[in-house]
1. Given a cut-off of under 8 Å on Cα pairs at least six residues apart, what relative contact order in percent is computed for the chain?
2. Which ordering of 308, 268, 44, 390 is given by a fewest-first count of other beta-carbon atoms within 10 Å?
3. Most mobile of 110, 32, 139 per a Gaussian network model of the chain (Cα springs, under 10 Å)?
4. Once you mark the trypsin sites (Lys or Arg not before Pro) that are in a DSSP loop and have at most 10 other Cβ atoms within 10 Å, what is the longest gap between them in the chain?
5. For the stretch 167-412, please report how many Lys pairs fall under 18 Å Cα to Cα, leaving out neighbours fewer than 8 apart on the same chain.
6. Over the stretch 326-383, what relative contact order in percent results from Cα pairs under 8 Å that are six or more residues apart?
7. Per-residue ellipticity at 222 nm for the chain, helices alone: DSSP H runs ≥ 4 residues times -39500 (n - 2.57), over residue total, nearest 500 deg cm²/dmol?
8. Using a 10 Å cut-off around each Cβ, can you sort 284, 213 from fewest to most neighbouring Cβ atoms?
Amino acid sequence: MKQWIAVVLISVFVIAGMGVPARAARLPDLLGKIVIQTDGSKGMWYISPRDKSRYYAKNEAELFVIASQKSIGISNKDIKKIPLSAKQKADKKLVQRLKGLFVLQVEDKGKMWYINPTNGIRYYVKDAQALRDLMLKIGVKEKGVVIASYAMNRAQHIQDPIFNDVAYVAYSNETFSNAKNADTLLPFASLAKLMTALVILEHPIDWDNKVVITQEQIEYPWQYADKGTTSEIDLKAGDRVSLRDLWSAMLIASSNQSAIILTDASGMDREACIKRMNEKGKEIGMLATTFFDPTGLDPRTIGTAKDMARLAETAFDDLQIAHTSATKDTIIISVANGETERNVSIKNRNTSLLAFEPSASKTGFLTEAQRTVALKKYGAIIVVLHARSMNERNTVIQSLIDGISQSQSIAVN
């Protein structure tokens, strides 16, 4: 009797529409279309019908370059088979094959045309301004969540501006595990300083040598962020500071000023340092990474969580880097400026991270990068990129540590 009543009640709920999963909304077909994003970065997108992926442009000039790169050649004879208006006769098979593509009229100075996937009509795209006019005329407006239903292309080496998730991976014995979005290109922020440290260590350094800090070095971070918004210690132009103390400030307090001062004191110019950072990255297998400055402040410095795991393993294997980065206590250094001396604190402010008791660690933050971290625990490397809150970062870290501990326990047993 009770079972019969239960069946009746469930039937009533279903008829009333309660407890029935909502039907997934059908996403619009954007293949071959020029899309204007209405939220987030509010950029422009081209959804290629050939590889079914999306290409991002900040403006019409960038989009024109993408259109040129993705275009295919067409003869004068065939271009005439594609109508300029709905009234003209068309070669339906040819139009169907070229819908949504940019084509170059190779026999006529490379004139570029766009074949509207909606009606099969071709539009002449003379330049970036013409492309902008075309976007305003036939471009599709959509939110980022809809655009994101198409995969980000692999040709553009940029951060996906629609990405809104966390990326992470564990790495041990040349094996990746417990990964999520670990091949997604994302900014490293101050994790890039691990590579800066490795490159600096390739040069003979007199750690007791004291350098005089310039105003330009103090102001270096301000080209990327407002004054006072980046990680620094209390340094001033005219200060005389030892390279050892600057090293500590770079790896413990993540001082961007210290990173650029150390770079300048290494005997390399900045361009040479960045070049070497990229070379060394390739040497250790960071094939998807590009460095643009020694501090990580440049958001164009991007790579994958897997690449960062390779870097962190190499960096943390160096005792000078590992020992300094794991420092918990505040260090007080003496800084001279003219006849005046003062004490300056170097403090690791990552209290919640230190609670995990890593044997080495480095953190970073940029608006574009969100919270990033690389740490070593139980001999394994953990990397988290684009954590959108401290709680998310720490939750992921704990989960990865638990996974490493469990796998090592299984291996022992």
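Read-outs throughout are calculated quantities, based only on the coordinates presented, and are distinct from any laboratory measurement. Quick caveat: nothing in here was measured; it's all calculated off a predicted structure. Note that we place each Cβ from the backbone using ideal geometry, even for glycine, and neighbour counts take in every protein chain shown.
1. Over the chain, the number comes to 14 percent.
2. With the sparsest Cβ surroundings first, the list reads 390, 268, 44, 308.
3. 110
4. Answer from the scan: 228-413.
5. Value for the stretch 167-412: 23.
6. Taking the mean separation of contacting Cα pairs over the length of the stretch 326-383, I get 23 percent.
7. Counting only the DSSP helices, I get -10000 deg cm²/dmol.
8. Arranged by neighbour count, lowest to highest, 284, 213 become 284, 213.
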